[in-house]
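**Student:** Below is the structure I would like to discuss, written out as structure tokens.
Read-outs throughout are calculated quantities, based only on the coordinates presented, and are distinct from any laboratory measurement. Because the structure is a prediction, the values reported are computed rather than measured. Cβ: placed from backbone, ideal geometry, glycine included. Neighbour counts: every protein chain shown.
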Amino acid sequence: MRRQWKKRVWAAAAGILRQLGQYRLAIANFFSLGLLRATDALVLLFLIPVIIGRVGIDNFGIIAFVQVFLNYGKTIVGYGFNITGVQAAALHAQDKRALSRIFSDILYTRAIIALLAGLGLAALVGFIPYLGGYGPVFFWGYLLILGQVVYADWLFIGLQKAQYITAANLASKLLFAVLVIAFVRQPEDHVFVIGLQGGATLATGLLVVGLLKYRYGLFLLPPAAGAIRHYLRSDFKLLLTNLSIEINTSYSLLVINILTTNALTGYFSVMQKLIQPLRFLLVIFSQALFPLACKKVEKGWKELLALLRNTLSLFILFPAGATALMFFFAEPLLSFFAGSADAYLVINFRLYLFVPLIILANIPAYQILLAFGRKSEYSRVYLLGLALNLVASYLLARLYGLAGLVAALILVELFITGGLYVMVWRNRKAMQAKNN
């Protein structure tokens, strides 16, 4: 009996090792991306009590509020290149000329979009008095959008060489931390915080461009107007999707700021940043998995499902365990990072922790849709989710405050997850027949 038990254990272990070996490149990429996102999360978490201690919770709320608009700008500059750029780089990984063309076209496209985004932000600040009061924060914060132009993380992810962008990201975040500690000394210095982050990103992004030339022999080609127009047209639906995701994530900060105070905005921003590592974990898993999923599509529906089933079964314990720990230690976490944690904040933070778990559940569905090129269906779900969020978050927050806002966020993520699986079900026959 004992021998049979041992044989079963060894057989199970051998099966897991075979799975790990089969997906070793994806796993290596996952851990590289994991280090990248962990660096983001840890440095930002370390800086939260530092920044709040120097500028105060009210000014921290202002920083969080303005950064919502700047993150919209970053998302617009990113367009849909987190999908199409990764796909193109993965498919032309051995062709330096093709990679140079792809990199150049995306760089020029991002630069044009960044210019337009800057003009749009200037118009908002100039014509909306409420935003005009935060003009200096917007001015310095524009560096964050410029940094996104040259930040070629999509290319390294597509090449499955995430370790390079991980190193660059580490340098960027450490530089940001040093700049904050050195230059943010008093409450009035809050206007520089986002700008310091953008400056650090821009500096390291330029170093990454140099690395691409030195390490991969890539070179900058003249602009190709046709290619730029193609990206702007073909990726527009992905932009709408990415923007809807960003709005779904950050719209709640706008609602809290409009309906309450800068202080409560600051507290809710701390909650978001505490949950951000969980979101990063889900993002890196998806990013590391997607190039492999695109290749599995060529072999058929069943191969893709097997990949998703095997990888998700290995991954799911990490976010579930992290969520459980944060749930039990919610009060000390909020007390340390926000400076206070009453029962109302703790209860709502614990409820908010269900959001990343719901997002985890939709990963297989949207990987399937995007790998099979079902961008329209994917976009439709997120745009409907955005519409629901715009209405539900405002109404429930107005009626029930922070508790209503958290309930609305949970409702929206449940809607999106259900919608993605409905789209997979509706299109399953066409996707199954693709390579048959």
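**Student:** I'd like the projected area of region 85-194, averaged over all directions, using the convex hull of its alpha carbons. Report it in nm² with one decimal.
**Tutor:** Taking the Cα atoms of region 85-194, their convex hull projects to 8.2 nm² on average.
**Student:** How high is the relative contact order of the chain, in percent, with contacts defined as C-alpha pairs under 8 Å that are six or more residues apart?
**Tutor:** Relative contact order comes out at 22 percent.
**Student:** Of the options Leu259, Leu304, Leu42, report the single residue whose Cα projects farthest towards the positive end of the charge dipole of the chain (beta-carbon charges: Lys, Arg +1; Asp, Glu -1).
**Tutor:** Checked the options; the winner is Leu304.
**Student:** With a ≥ b ≥ c the root eigenvalues of the C-alpha gyration tensor of region 25-234, is it rounded (a/c under 1.5), prolate (a/b larger than b/c) or oblate?
**Tutor:** Judged from the Cα gyration tensor, region 25-234 comes out oblate (a/c at least 1.5, b/c at or above a/b).
**Student:** Counting pairs of Cα atoms in the chain, how many percent are more than 42 Å apart?
**Tutor:** 14 percent
**Student:** I would also like to ask the following. Please list log₁₀ I(q)/I(0) at q = 0.13, 0.16, 0.17, 0.18 Å⁻¹ for region 363-429, using the Debye equation with identical point scatterers on the alpha-carbon positions.
**Tutor:** One equal scatterer on each Cα of region 363-429 leads to -0.40, -0.55, -0.60, -0.65.
**Student:** Quick check on the exposure proxy: order His190, His230 from fewest to most C-beta atoms within 10 angstrom.
**Tutor:** Fewest to most other Cβ atoms nearby, the residues stand as His230, His190.
**Student:** Further question: Once Lys and Arg get +1 and Asp and Glu get -1 on their Cβ, which of Ile62, Val208, Phe176 lies farthest toward the positive end of the dipole of region 25-234?
**Tutor:** Result: Val208.
**Student:** Quickly rank 43-51, 340-348, 249-257 as a protection proxy: mean count of other C-beta atoms within 10 Å, highest first.
**Tutor:** Ranked by mean Cβ neighbours within 10 Å, highest first: 249-257, 43-51, 340-348.
**Student:** Distance cut-off 22 Å, Cα to Cα: go down the list Lys173/Lys273; Lys161/Lys302; Lys296/Lys375; Lys96/Lys375; Lys74/Lys237 and report the pairs above it.
**Tutor:** Among Lys173/Lys273; Lys161/Lys302; Lys296/Lys375; Lys96/Lys375; Lys74/Lys237, the Cα-Cα distance tops 22 Å for Lys161/Lys302; Lys96/Lys375.
**Student:** Mind jotting down the three principal axis lengths of region 86-132 based on Cα atoms? Whole angstrom, largest first.
**Tutor:** 52, 15, 8
**Student:** Does region 136-253 come out rounded, prolate or oblate by the C-alpha gyration tensor, with a ≥ b ≥ c the root eigenvalues, rounded set by a/c under 1.5 and, if not, prolate when a/b is larger than b/c and oblate if not?
**Tutor:** Oblate, because a/c is 1.5 or more while a/b does not exceed b/c.
**Student:** When only alpha-carbon atoms count, how far does region 57-147 stretch along each of its three principal axes, as whole angstroms with the largest first?
**Tutor:** Cα extents, longest axis first: 51, 26, 17 Å.
**Student:** Along the charge dipole of region 25-234, which of Val191, Gln87, Val77 sits closest to the positive end, that is, farthest toward it, with unit charges on the beta carbon of Lys, Arg, Asp and Glu (+1, +1, -1, -1)?
**Tutor:** So the residue we want is Gln87.
**Student:** Just how large is the dipole of region 49-108 about the Cα centre, in debye to the nearest 20, putting +1 at every Lys and Arg Cβ and -1 at every Asp and Glu Cβ?
**Tutor:** So the dipole magnitude of region 49-108 works out to roughly 180 debye.
**Student:** Something else: Indicate the helices, whole DSSP H runs only, in the chain that combine a mean Kyte-Doolittle hydropathy of 1.0 or more with a Cα extent along their long axis of 27 angstrom or more.
**Tutor:** Flagged H segments are 24-55, 57-78, 96-127, 162-183, 193-216, 236-259.
**Student:** What ranking do Glu188, Glu303 get, fewest neighbouring Cβ atoms within 10 angstrom at the top?
**Tutor:** Ranked by crowding around the Cβ, least crowded first: Glu188, Glu303.
**Student:** Sorted from largest down, give the three principal axis spans of the alpha carbons of region 300-436, whole angstrom values.
**Tutor:** That gives 59, 35, 17 Å along the principal axes, largest extent first.
**Student:** Then there is this: Among rounded, prolate and oblate, which fits region 133-179 when a ≥ b ≥ c are the square roots of the eigenvalues of its C-alpha gyration tensor, a/c under 1.5 means rounded, and a/b larger than b/c means prolate?
**Tutor:** Verdict is oblate for region 133-179.
**Student:** Something else about it: As a test of the formula, what do you get for the chain when each DSSP H run with n ≥ 4 contributes -39,500 (n - 2.57) and the sum is divided by the residue count, at 222 nm and rounded to the nearest 500 deg cm²/dmol?
**Tutor:** That calculation yields -29500 deg cm²/dmol at 222 nm.
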